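The values are calculated or read from the model by the stated rules, or taken from the named source; none is laboratory data. Note that the coordinates shown come from a computational prediction; the quantities given were computed from them, not determined experimentally. For neighbour counting, all protein chains shown are included, and Cβ atoms are generated from backbone atoms with ideal geometry for every residue, glycine included.
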Amino acid sequence: MWTIPNIITLLRVVLIPVFVTIYFLDWKWAHEAGAFVFWLAAITDWFDGYLARKLKQSSAFGAFLDPVADKLIVAAALLMITHTYATLWITVPAIVLLMREIFVSALREWMSEQGASDAVKVSFLGKAKTMAQMLALIGLLSGLEVFMGVTIYWVTLGYILLWFAAALSLWSMMAYAVAGYRALKDA
């Protein structure tokens, strides 16, 4: 249970209240610092999976905790940006992303109980959604359009990527639903 990948995953969970607290501090660079902590947590998601494979330290606990940690920090970030921006242009894709996460998690659990978990394993489409979502959240959390006098359009890019991630979410949700239906129909 106490493998290096699992400790890194637990660190991601511990970073959630740190990230939220920093983001809402009353100082000039709070949003940027909060976005940095979120970025750090997002990097640990890739890093723990890489180490689990490389060190051959995959475990049932890690397989459970990793997606839970991801969903917790993403849900926190989505709630925070809907609060910060208070616009339908953020709220609608945030709701789509949260709905997809709940739907796919429930579908995976149900398919696992049916002995057909392979039908709804992580796909490239889901990974692409996650990448777009994480980049969108970093940009939107940072609030940066200009950094050190250079126009970088992080927020604008964040809006675009959030909608792209929402579209990929709907697409991947439907793909998982169809795969789950086919696996159960064939069984």
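To keep it simple, each residue is scored yes or no on (1) in contact with a helix residue (DSSP H, G or I) (Cβ under 7 Å, 6 or more places away or on another chain); (2) closer than 16 Å to HIS31 by Cβ; (3) at pLDDT below 90.
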{"residue": "ASP70", "(1), (2), (3)": "yes, no, no"}
{"residue": "THR82", "(1), (2), (3)": "yes, yes, no"}
{"residue": "ALA119", "(1), (2), (3)": "yes, no, yes"}
{"residue": "LYS127", "(1), (2), (3)": "no, no, yes"}
{"residue": "VAL146", "(1), (2), (3)": "no, yes, yes"}
{"residue": "TYR153", "(1), (2), (3)": "no, yes, yes"}
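Filtered by the rule that a residue be touching a Leu at 6+ places or on another chain (Cβ under 9 Å) and small (Gly, Ala, Ser), region 93-125 gives ALA94, ALA116, ALA119. Summed over region 116-138, residues that are within 15 Å of the chain's Cα centre (by Cα) and within 16 Å of PHE103 (Cβ to Cβ) total 7. Given the criteria surrounded by fewer than 16 Cβ atoms within 10 Å (Cβ to Cβ), at pLDDT 95 or above and not aromatic (Phe, Trp, Tyr), does ILE160 qualify? When the stated conditions are applied, ILE160 passes them. In region 159-184, the qualifying residues are those that are without any contact (Cβ under 8 Å) to a residue 60 or more places away in the chain and of a type outside the set (Phe, Trp, Tyr), and the one that is farthest from THR87 (Cα to Cα) is VAL178.
For region 110-127, a tally of residues being in a helix (DSSP H, G or I), without any contact (Cβ under 8 Å) to a residue 12 or more places away in the chain and within 26 Å of PHE164 (Cα to Cα) returns 2. Quick check: anything in region 46-60 under 14 Å from the mean Cα position of the chain (by Cα) and either modelled with pLDDT of 95 or more or polar (S, T, N, Q) (or both)? No, the conditions are met nowhere in region 46-60.
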